[in-house]
Amino acid sequence: MKDIQVWSCGGGTQSGAIAALIASGKLPKPDICFMTDTGRERSGTWPFVDGFIRPQLAKVGLELQVVPASKFANLDVVYESDEGLTVLLPGYTTQAGQVGKLSPFCSGKWKLDVAERFLRSIGVETARNWIGISHDEARRIRAQHRNWLELWYPLIFEVPMTRSACVELIRASGWMKEIPHSACWMCPNASDAEWLDMSTHYPLDFAKACELEADIRLTDPHFYLHPSCIPLADVDFTAQHSMFAERGCTTGCFT
C-alpha cells in the first residue's frame, strides 16, 4: 500500500467529531480507521466507540479496527532499563526529596510505536496519519519523526473545530449520552475531577488503578499516581492540591 489515508482514532470527543464529519461527507473517507487499545482504556470509552463512532463510520462503509497494544508493544508498566527497573508511566516521585514528575513514555510506547508497527504489519509503505486534535488544542501538534508517515490534523487544517464545537456536532448527530475523555484508567495526568468521577461512576476502573499503583510501589516506594504523593485510595479529590495543578489527560497524552 502506498500514499494512503489512515485515521488513528482516539475514541473520545474529537474522534467522535471526525467520525461524524466522515459520515456527512465533510471529510473524505480514509482508507484505514484504527484505534490502539492499551488494554487499560477507561470503561466509559467503549460505549461511545461502539454506540456512536462505529455506526457513523458504517454509514459510509467503513470499519474501525481495534489494535491491541499487547500485540505490538515491547514494554509494560515496569521494565528493565540500564538504570534498573523503570516505570513507564508519567507518575509523581519523591525520590529526590521533593515532588517530581516522571517522563511520559507510555504514550509513545503504547500508542505511537504500536500504531506504526501495526501499519507496517499490514503493508503500509507511506501514509498520511490523521490525528484528532482540535483547533483549540493546537499546542499538542507534534513534529513528524517518520519520513514515511505524515501527521495530519483535520480538525485544525481541514475542518477547523474547537472541542466545544465537536461536542455540538456529536449532539446534533444524535448522541445524547456521555461523551468520554478517552484515557487509561491509571493515567497520572488525570485531574481530581476525573479521579472523582471514576471513583464514583466507574469504581472497578478506580480499584484497578489503586491496585496497579500499590503493585508499582512494591518496586518503587517513591511512586504515586497523584501529585499529593498520597496513595490513590487515600486521596481526598475535593481538596486543593497546588502542585501540578494544570492537569488533565488531554494535556499529557499525544494520541
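Surface composition of the chain: carbon and sulfur make up 52 percent of the accessible area, probe 1.4 Å. Based on C-alpha pairs under 8 angstrom that are at least 6 apart in sequence, the chain has a relative contact order of 25 percent.
Here the relative contact order of segment 1-114, from alpha carbon pairs under 8 Å that lie six or more residues apart, stands at 23 percent.
Rg of the Cα atoms in segment 77-118, relative to 2.2 N^0.38 Å, amounts to 1.36.
Taking the C-alpha atoms only, the angle from helix 203-219 to the longest principal axis of the chain is near 50 degrees. Across segment 25-32, rounded Karplus estimates of 3J(HN,Hα) from the backbone phi angles (6.51 cos²θ - 1.76 cosθ + 1.60, θ = phi - 60°) give x, 7, 10, x, 6, x, 6, 9 Hz, Gly and Pro being marked x. When only the Cβ of Lys, Arg, Asp and Glu is charged (+1, +1, -1, -1), the dipole of the chain relative to its Cα centre reaches about 880 debye.
In summary, the lysines within cross-link reach of residue 111, defined as a Cα separation below 23 angstrom excluding same-chain residues under 8 places away, comprise 2, 29, 71, 101, 208. Restricting to DSSP H runs of at least four residues, report the calculated mean residue ellipticity at 222 nm for the chain, -39500 (n - 2.57) per run over all residues, nearest 500 deg cm²/dmol. Estimated from H runs of four or more residues: -8500 deg cm²/dmol. Within the set of other residues whose C-beta is less than 13 Å from the C-beta of residue 110, count the net charge using Lys and Arg as +1 and Asp and Glu as -1. Net charge in that neighbourhood comes out at 0.
For the chain, the share of alpha carbon pairs falling in successive 5 Å distance bins from zero is 1, 6, 13, 16, 19, 16, 13, 9, 5, 2, 0, 0 percent. Accessible surface computed residue by residue for the chain, with neighbouring protein chains in place and a 1.4 Å probe, gives 47 Å² per residue.
The values are calculated or read from the model by the stated rules, or taken from the named source; none is laboratory data. It should be emphasised that the depicted structure is a prediction, and the values quoted were computed from it without experimental measurement. Neighbour counts run over all protein chains shown; Cβ positions are idealised from the backbone, glycine included. Please note that ligands, DNA and RNA were not included when accessible areas were found on the heavy atoms of the full protein model with its side chains. Shrake-Rupley method; radii C 1.70, N 1.55, O 1.52, S 1.80 Å.
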